[in-house]
Each structure stands twice: as C-alpha cells, then as structure tokens.
Amino acid sequence: MSTVAALYPQHLAELQRRTEQALARGGFDHLVVPSGTLHYQVFDDRDYPYAVNPQFKAWLPLTRAPGSWLIVTPGQKPKLVFLQPFDYWHVVPSAPSGYWVDHFDIVVIRTADEARQHLPDAARSAILGEPQSALGDYAPNNPPAVVNYLEFHRAYKTAYEIEMMRQATRIGVRAHRAAERAFRAGASEFGIHLVYCQAAAQDANDLPYNNIIALNEHGAVLHYTERDRLPPGELRSFLIDAGASHDGYACDITRTYAADAGSEFQAMIDAVDAAQRAMCDQVRAGPDYRQIHVDAHLALAGILRDFGVIRVSPEAALATGVSSAFFPHGIGHGIGLQVHDVAGFAASDDGGTIAKPEGHPYLRLTRELGAGMAVTIEPGVYFIDMLLDEVKKNGHADSIDWTRVETFKPFGGIRIEDDVVCTEGEPINLTREGFAEAA
Ligand code: GLY
Ligand code: MN
Ligand code: MN
C-alpha cells in the first residue's frame, strides 16, 4: 500500500471529527459541498480554467470533477454524488478509482441537475461553495460558524496532507532543477517557463500559481509574470518562484541564482540563504509567526549593512521603514490545499482576527504556530526604485549608500522560499528535504 493510501483513513477520520464539531457549532445535521462549476468569459462561450472548491478537495483527491457533490452526515459513511456526463465534446471525468473510493458511498449521475434528488434538506445543511453551484433554490449558505471552524483547523495538516505536500514538492524540485539548467544554458524567461512545465509534467493551469520566472532586473518585480520571449543580452541573475500541485495540494518554492558564481551578488544570495535557514528553524510550536517576520527584517537589514547597502543598524532600519523598502512583503503564509492557505489571521475557531504588526500590511499569517501547521518562509531583498524613492521622500536617504544600490540594481532581487512543517520538535523543511533527495 502506498504511504498516502495508508495515511488516508486517519485523515478522513480527522475531517469527520472536525465536521461533527463544526455542524454542532452551526446547528446543522449535514455538510454539503459542491465541487464547483465551470465559469464562462463574458459574452463568450469560452470557459475559465476550472478550480475545484477547496472544501471539496480537502476530502478526496478529485480536482477535475465539476458538478459533483459531497455529503457528510455524522455517524454515516460520506457520500459522493459524482457527475459523469454523457458528453462527446469533452473528456468526461473517469469513474472514481483509487485508495479513497471504498470510504465513500458513490452515486454516479449523468446530468448536473440529477444531483438535487440526492441532497439532504437544505434547511438542515451547511452548504459550502460558490453561489454558481446552486441547483435552483438549493444554494450554498456558507454559515460562518461552520466555515470558521473548518478553516481554522485546516491550518493543522494531517500526516496524509503532509505526505501530499511532500509529493508536490518532489515535482516542484525536479522542475526547479530543470529551470536552473535552462537558465545556465541561456534560455529566455518564456523558454525557462516551458522547460519548467515540461519537467513538472504540469500545464500552467495545473500549477498552484502563476510561475514567476525573472531574469536580471525583473527579479525586483515581486509578482513578475510577463516572461520575455527573448533572452536578455547579458545574463546576470535568475529569480524563480514556482510551485507544483499533487492531487490538490501545493508547494511554493523560490530560488535565486547568480550567473557568476564568484560575484558579490552570489555572496549576497548565500547570506540570505543562511539567514533563511535560521528563520526556518524558528518554525516551532509556540512562537508567534509575527515575531519571525520582525526578526527577518533585522536579519535582512544586517545583511544589507554587511554588504554596505545601508549605513544604519538593523534596529534603526526597522524603526524607520528602511528595511521595508528592501523587504516589502510578508515572511510567508500558510500553505496546503491553497498556496495561500485560509485563516491566516484567525484568532480562534469561533472567529476573530489577529492584527498584523503596525507598518507590515502584507503579512498573511499572524497566528501562533502549532504542530501540524505548514508555512512558507520566504525572505527577500529587492532593489525597487519606487520604494527607494519613498525612503528619500521620508527623509532617510542618508541611511542608504546609493552607489551600492546602483551596484545591485541590475540583479533585481533575491528571494529564497521553503515550505516548512511545524512539529512538536524539529521543523520539517519539505523543500530542503526535496532538494537533498534529488541531489
Ligand atoms: N508564489 C507566491 C508566494 O510566494 O506567495
Ligand atoms: Mn509563498
Ligand atoms: Mn512563492
């Protein structure tokens, strides 16, 4: 039996336990989850890429099954109403098979509307989904008490989920290695992207997010997704933020490379890499993720000072906002079924919000870390004109050595990102594990 197959029953039992609690909180008898529908472009018959409802794929590894429904009633075997239409225009979803099917009562339907007769009383059901999944007046109600409970606890991954993320990581690492080779061989951004997709055996729509493939200055655009068709005249640096999916689970990996291994930019990459490893080691049960974020500012400002880019202490750089000009995003986020997993700010399973630290609007996770949580750790240092201009406007120009900024600007920026699982003991760094395994 494969590892995921062996771990699946315990995963399912945990979801059933959570669902029982969530339904009790909301006063419902059933959890009903539509898998989602196809969406069409306005005034057109062209559909957008289908994205399965995360509440659906949490239960079973089906990511291409629009029009299906899941029904969970405490004390009963979960039921899958599976849409397998008669359709000769498209490939229809194949009949359910695999390690998970025996855990469900499965009903196959041939038209979307047929699902209606298999669904429990709407008034007694928490129906979680998009409005478009409604079948007539049988419509998602998304009760906050149920959604909050499930989303809060989804931060804590089961062993099955960690294994799924490990599988996603293996694919991502394989593709990252191929992308690095393509960079060193002089490929364009678009060419590197194609090499990545081929090595992952995933189309752009299969990936958990849009690949960021940035050469030279493009590394300074945080979400650079343009992909030049031609290689630049001179190759200096390569920042790649690219993930992979495995049956609905994501990995999110960033690496930065210098064309010249002896360059000062490579030395700065090495310094960020060492600092990033230390940050990953902070992913332990108990600490507040916000503290990792603030500590990251101090560590990165220390690197900038060591390289002569800033002239002030890390503490002063943090206090004046100078560190934010170079590191303008959060240290990371939860990850799992979604690359930016839900409930990053949840104060409890009952609702409430944990505020972001003042002056750090882009942090996506403010919760205390606990065993089972999977998060990214992605410090970055960038040379972004717009933000550096702000430093000048705010009267802190003297904090920066502008000739050093000019030295590094042609390289864009550095980001190193790993996916790390918090445990009761040593953190599990899925990404470093994956690269070590593939070495
Ligand atoms: N790839 C998007 C992110 O790192 O959050
Ligand atoms: Mn990320
Ligand atoms: Mn990323």
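Only the coordinates and a few stated rules stand behind these numbers; no lab work does. Computed from a predicted model, the values in this text were never measured in an experiment. With ideal geometry, Cβ positions are generated from the backbone for all residues, glycine too; neighbour counts draw on all protein chains shown.
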What ranking, highest mean first, results for peptides 167-180, 214-227 when packing means the other Cβ atoms within 10 Å averaged over each residue? 167-180, 214-227
Nearest 10 degrees, 0 to 90: helix 159-184 Cα axis against the chain principal axis: 40 degrees
Base-10 log of normalised Debye intensity for segment 1-139 (one unit scatterer per alpha-carbon) at q = 0.12, 0.19 Å⁻¹: -0.49, -1.18
Acute angle (nearest 10 degrees) that the helix 3-26 long axis makes with the longest principal axis of the chain, alpha-carbon atoms: 80 degrees
Per-residue ellipticity at 222 nm for the chain, helices alone: DSSP H runs ≥ 4 residues times -39500 (n - 2.57), over residue total, nearest 500 deg cm²/dmol? -10500 deg cm²/dmol
Inverse of <1/r> over all distinct C-alpha pairs of segment 188-336, i.e. the Kirkwood Rh in Å, gives 17.1 Å
What are the ³J(HN,Hα) values, in whole Hz, obtained from phi via the Karplus relation 6.51 cos²θ - 1.76 cosθ + 1.60 with θ = phi - 60°, for each residue of segment 127-132 in sequence order, with x given for Gly and Pro? 10, 9, x, 7, x, 5
Over the alpha carbons of segment 70-152, what is the largest minus smallest coordinate on each principal axis, giving the biggest first in Å? 41, 31, 23
Quick one: compute the contact order of segment 80-211, relative version, from alpha carbon pairs under 8 angstrom and 6+ residues apart, as a percent. 14 percent
Percent of C-alpha pairs per 10 Å bin, the chain, short to long: 4, 20, 28, 24, 15, 7, 2, 0
Which FRET efficiency value, to the nearest 0.05, do you get for Val91 and Gln132 by plugging their Cβ-Cβ distance into 1/(1 + (r/R0)^6) with R0 = 25 Å? 0.70
Distance between Cα centroids, segment 128-183 to segment 1-64: provide it in whole Å. 9 Å
Reachable lysines, given that their alpha-carbon falls under 16 Å from the alpha-carbon of Lys157 and they are not under 8 places away in the same chain: Lys57
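Of all the C-alpha pairs in segment 109-168, what % are more than 19 Å from each other? Please report the intermediate quantities before stating the final value.
Values: 886 of 1770 pairs.
For segment 109-168, the share of Cα pairs beyond 19 Å comes to 50 percent.
What is the chain's relative contact order, in percent, from Cα pairs under 8 angstrom and six or more apart in sequence?
Details: 871 pairs, mean separation 67.0, N = 439.
Here the relative contact order equals 15 percent.
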List the relative contact order of segment 296-347 as a percent without decimals, with contacts defined as Cα pairs under 8 Å and 6+ residues apart. 28 percent
Nearest 5 is fine: what % of DSSP beta bridges in segment 1-156 come out antiparallel, could you say? 55 percent
For the peptides 18-25, 85-92, 384-391, what is the packing order when you average, over each peptide's residues, the other Cβ atoms within 10 Å and list the highest mean first? 18-25, 384-391, 85-92
Calculate how steeply helix 189-200 sits against the longest principal axis of the alpha-carbon atoms of the chain, using the helix alpha-carbon long axis, and give the answer as 0 to 90 degrees to the nearest 10. 40 degrees
Along each principal axis, Cα extent of segment 330-439, largest first, Å: 46, 44, 24
Volume per residue that the Cα convex hull of segment 111-245 spans, once the total is divided by residue count, Å³: 173 Å³
